[in-house]
Amino acid sequence: MTTTAITHISALVTNDPSLGDGSPLGLVRDAAVVIEGDRVVWTGESSKAPATDNAVDAGGRAVIPGFVDSHSHLVFAGDRTQEFNARMSGRAYSAGGIRTTVAATRAATDEELSANVARYLAEALRQGTTTFETKSGYGLTVEDEARALRVAARHTDEVTFLGAHIVSPDYADDPAGYVDLVTGPMLDACAPYARWIDVFCERGAFDGDQARTILTAGRARGLHPRVHANQLGHGPGVQLAVELDAASADHCTHLTDADVDALAQSDTVATLLPGAEFSTRAAWPDARRLLDAGAAVALSTDCNPGSSFTSSLPFCVALAVRDMGMTPDEALWSATAGGAAALRRDDIGRIAPGARADLVLLDAPSHVHLAYRPGVPLVHEVWRRGERVVAPYSG
């Protein structure tokens, strides 16, 4: 395998405290990275970089790990422009809007769904996202949920079965029957294509007992739990996530002190999704409260057509710093290493020997510019698995 050195990096974020300045970001100044195949094999000061087959001059740019988006809903058709427009004119968001996307998704072909996923992933990649998770949840029949997961699996290994997004309109008068369907024939059809199982534990969706039944059934089939928890109000979602050792409790907007303590004392990551609050004018999650308690925090886009139609993790970083009490360092860590933790991965979200060579060169001397210059396209290059997949714009 050939080796490549990226040199003259102004500030390298490794997310390895044993490297560089010893901070959680493991910041190395005037740095270099050496890649062999799809792995990082060396990091350090640029003047000490070993000889390699190829060299790339970063030109004084900052380098960060590729973003890890651990929560998205990309297998869908249509959009909800009218709903968004109405909501921005005063109508509150509720879980019921999902039904609109369910109808459009059921009517779409596999090819149309796959093309949509590819489109949004390309969009995210241009903004530095090198790993993403995505879910089903807009089919809500055995056939449509299984095909959504088949489509998702063409694009990522991080696939989540979310048949329990809302009660299917077909079972509006029989929610218990729908839980039986999700935990029986639907789970049987979907488990072969998924790594995770998720449930929207929320008013208007599934209560704590229903969510526990669904997640326990999924775990028995080898799927690890994730939970949409405490988005629209206080509820049992976070406590259930910790009880079942879920990899992540997602949203975490409305938390009691007991919820915060439970997260801080567990391996469950609190995944915050500021795009949802931005797009629904809802209260912001209190990231500062979680971080000060010692909880692990991730940032993700929640990219979906209803409540957070953004694929931009840099945008979410800026929101987290501006409105959720995070420092620029904390927000970047949460969008990279935090996302990796929410997927229980240690090969991504960092730039250190043995990690996958996923990294982003910024048109800026520091990662702080992600929040300092919100909305500006700062991504200069993206490398994934040791290959440059987004090149500089040549004009």
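In table form, for the structure just shown:
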read-out: Amide H contacts of V389 (H built 1.01 Å from N, under 5 Å, at least 5 apart or other chain); value: V382, W383, R384
read-out: Å² per residue, accessible surface of segment 168-215 at 1.4 Å; value: 42 Å²
read-out: Segment 36-138: translational diffusion in µm²/s, Stokes-Einstein, Kirkwood Rh over Cα pairs, 10 °C, 1.306 mPa s; value: 90 µm²/s
read-out: Tilt relative to the chain, helix 208-220 - C-alpha long axis, 0 to 90 degrees, to 10; value: 60 degrees
read-out: Cα centroid of segment 112-151 to Cα centroid of segment 258-296, whole Å; value: 25 Å
read-out: Protection proxy ranking of 290-297, 145-152 - average other beta-carbon atoms within 10 Å, highest first; value: 145-152, 290-297
read-out: Per residue convex hull volume, Cα atoms of segment 117-199, in Å³; value: 84 Å³
read-out: Values of log10 I(q)/I(0), in the order q = 0.10 Å⁻¹, for the chain under a Debye, Cα-only, solvent-free model; value: -0.62
read-out: P(r), alpha carbons of segment 302-395 - 10 Å bins starting at zero, rounded %; value: 15, 42, 37, 6
read-out: Globularity ratio of segment 115-265, using Cα Rg and 2.2 N^0.38 Å; value: 1.03
read-out: Segment 242-395, accessible area per residue, ligands and nucleic acids excluded (1.4 Å, Å²); value: 36 Å²
read-out: Percent accessible area from carbon and sulfur atoms, the chain, protein chains only, probe 1.4 Å; value: 49 percent
read-out: Descending Cα extents along the principal axes, segment 1-72, whole Å; value: 37, 28, 22
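The values are calculated or read from the model by the stated rules, or taken from the named source; none is laboratory data. All values reported here derive from a predicted model rather than from experimental measurement. Counting neighbours? That spans all protein chains shown, and the Cβs are built from the backbone with ideal geometry, glycine included. We work out accessible area using only protein heavy atoms, side chains counted, and drop any ligands, DNA or RNA first. Shrake-Rupley method; radii C 1.70, N 1.55, O 1.52, S 1.80 Å.
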